[in-house]
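The values are calculated or read from the model by the stated rules, or taken from the named source; none is laboratory data. Predicted model, so just to flag it, every value in this text is computed and none were measured. Virtual Cβ from ideal backbone geometry, glycine too; neighbours counted across all protein chains shown. When the accessible area is computed, the model is the full protein with side chains, heavy atoms only, and any ligands, DNA or RNA have been set aside. Shrake-Rupley method; radii C 1.70, N 1.55, O 1.52, S 1.80 Å.
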Amino acid sequence: LLLAHTPITDLGVGHLSGLHRLRMLVLDSCHVTNAGLASLAGLTGLVHLDLSDTAVTSSGLVHVARMTNLTHLNLFSTGVSDVGAGYVTALVRLTTLNLDSRLITDDSLACLTALHALLEL
């Protein structure tokens, strides 16, 4: 489901919570926050999630960590820091991860070594 650059908010994202067969969700540049991620936590069939350029922060990744089938996660230009990178380590199937953020430091790289399936960082 491609919703990039639309005025979708946390309220709208909440309507997606029943789409348990959904495999891809692109919310690039939408008005989504950590609250919206909480309503998506049950979408454990997702393999591709793009949250780039959203208001998501590290604390919202506790919900993403439940999406253990993810192979692609884009967190470009979000408020994710080293704390959030720690939550990402639960996603052992990740092959592609974009953590392009000024809040990521050397500490994040140390914990990401647990992602043995990772092909692109």
Listed candidates (i) 78; (ii) 99; (iii) 203 - label of the one calculated as volume of the Cα convex hull per residue in Å³: (i)
Note, ³J(HN,Hα) from phi for the range 56-61, Karplus 6.51, -1.76, 1.60, rounded to Hz, x at Gly and Pro: 5, 10, 4, 5, x, 6
Most positive-pole-ward Cα, 103, 90, 80, against dipole of the range 36-121 from beta carbon charges: 90
Å² of accessible area per residue within the range 1-58, as computed with a 1.4 Å probe and no ligands counted: 46
Computed FRET value (nearest 0.05) for residue 1 with residue 121, which takes r as the C-beta separation and R₀ as 25 Å: 0.50
In Å², nearest 10: area of residue 72 left accessible to a 1.4 Å probe: 40
Whole-Å distance, taken between Cα centres, linking the range 50-64 and the range 1-30: 13
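Which value at 222 nm does the chain reach when only helices count, each DSSP H run of 4 or more adding -39,500 (n - 2.57), with the total divided by all residues and rounded to the nearest 500 deg cm²/dmol?
On the way: 5 runs with 30 residues, N = 121.
Helices in the chain give a 222 nm mean residue ellipticity of -5500 deg cm²/dmol.
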